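Scroll down for the structure; my scribbles are underneath it.
The values are calculated or read from the model by the stated rules, or taken from the named source; none is laboratory data. The structure presented is a predicted model; accordingly, all values stated were derived computationally and were not measured. Cβ coordinates were reconstructed from backbone atoms using ideal geometry, including for glycine residues, and neighbour counts include every protein chain displayed.
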Amino acid sequence: MRWLVMGAGGIGGITTALLHETGQDVVAFTTNPDIARAVNANGFQLRGDGPPRAVRGRLVTELPNERFDVVVLCTQPPQVEAAAQMARTALADDGVIVCLQNGLCESRVAAIVGAERTAGAVVAWGAAMPEPGVYDRTAAGGFALGWFNQQKTRPLDDVARAFEAIGPVDTTRNLLGKRWSKLAINAAISSLGTIGGDRLGALTSHRFVRRLGLEIMTEAVHVARAEGVSLEKVSGTLDLDWIALTEEDRVSSGSPSLVAKHGLLLAVGFRFRRMRSSMLAAIERGRTPAVDFLNGEISDRAKRHKIATPVNDRIRAYVWDIARKKRATGLDTLRELHDETRS
């Protein structure tokens with residue numbers, strides 16, 4: 001198969017390099033000339049995934065006049081539709097576009113290339129690009145891979161086998177259920193990481209930050225249920241149906257259930273302790289934050305069902321304030337958010 005990877009940030013760079021290492025015919029595309037210069041001069045510099053090494057690969061800033069069997073979208077969510085539009089003409093007639101973005105991006109891509117050519121891979125591992133061309137694997141994990149059209153019967157076996165070079169692959173007929181679970185988790189991790197301005201391990205050591213995370217995920221679960229989604233765990237991550245706060249959790253600070261949920265978030269924070277919010281990195285680079293595709297997606301869909309989502313609503317506003325330099329990041333800002341939503 002011939003592969004085109006759209007985006008060469010943390011996820012895109014590692015995906016390209018590891019596919020290339022296993023002999024796949026892969027081209028990566030970026031709009032960032034600094035990344036292109038660094039990679040074309042020194043290769044994809046990989047750290048945290050085996051021994052540090054440089055992987056030589058093909059990274060371009062103009063789409064080649066070629067056709068590809070698989071297009072992998074690794075841009076930030078605000079750029080996903082533009083990337084799909086660009087890649088549409090490069091997709092082979094029987095090719096497939098695979099969305100790796102967080103959020104619910106498959107529906108946007110399907111509107112451009114067709115539902116029958118749209119698949120998604122929910123990413124359960126972490127990556128960062130601390131400087132152009134340097135890629136850190138910040139957390140282990142794999143993918144949940146499936147078609148946007150959940151009745152699609154054409155197998156994705158070749159894609160799954162190739163992705164095994166990156167991490168274990170779970171193929172699913174319920175991509176939407178896994179997407180919503182990951183959306184709830186990302187709405188907590190990425191947005192709280194953006195507002196707090198720190199890595200996940202440091203933030204989740206604070207009880208009030210964990211409580212904010214539980215509130216975010218609880219609101220997401222209520223909206224998903226209203227949408228008729230059957231939630232599924234992603235690669236050993238959280239069981240969202242269980243972690244959603246109950247009425248007993250809300251009225252008792254020491255209920256066994258609530259203590260267990262805080263303990264689980266502590267464990268998640270430790271496992272992904274090195275993870276830094278990609279949304280915060282995007283803001284620092286002057287890019288559009290993806291909050292409308294995370295907390296904003298939850299808030300917007302909640303309105304259709306007349307469900308209140310005060311925490312996700314306020315997080316969306318806070319992140320935009322940070323992007324517009326109206327607020328600073330830090331624990332004090334997270335504490336302000338906590339106190340405002342609790343009252």
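Before moving on, here are some points about what is shown:
- When residues of the stretch 41-80 are limited to those that are in contact with a Gly (Cβ under 9 Å, 6 or more places away or on another chain) and among the polar types (S, T, N, Q), the one surrounded by the most Cβ atoms within 10 Å (Cβ to Cβ): 75
- Helices (runs of 4 or more DSSP H) fully within the stretch 238-297 counting 3 or more residues that are assigned by TED's automatic domain parsing to the domain that holds residue 216, under 23 Å from the mean Cα position of the chain (by Cα) and under 29 Å from residue 322 (Cα atoms): 256-271, 278-284
- A search for C-beta distances below 7 Å between a residue of the stretch 20-34 that is in the same structural domain as residue 10 (by TED's automatic domain parsing) and any residue that is of a type in the set (Lys, Arg), counting only pairs 6+ apart in sequence or on different chains, returns 25/2; 27/58; 28/58.
- Qualifying residue in the stretch 125-138 (condition: under 19 Å from residue 190 (Cα atoms), within 20 Å of the chain's Cα centre (by Cα) and assigned to a loop (DSSP other than H, G, I, E, B)): yes
- Lone unmet requirement of (1) of a type in the set (A, V, I, L, M); (2) touching a residue at least 40 places away in the same chain (Cβ under 8 Å); (3) under 13 Å from residue 269 (Cβ atoms) for residue 184: (3)
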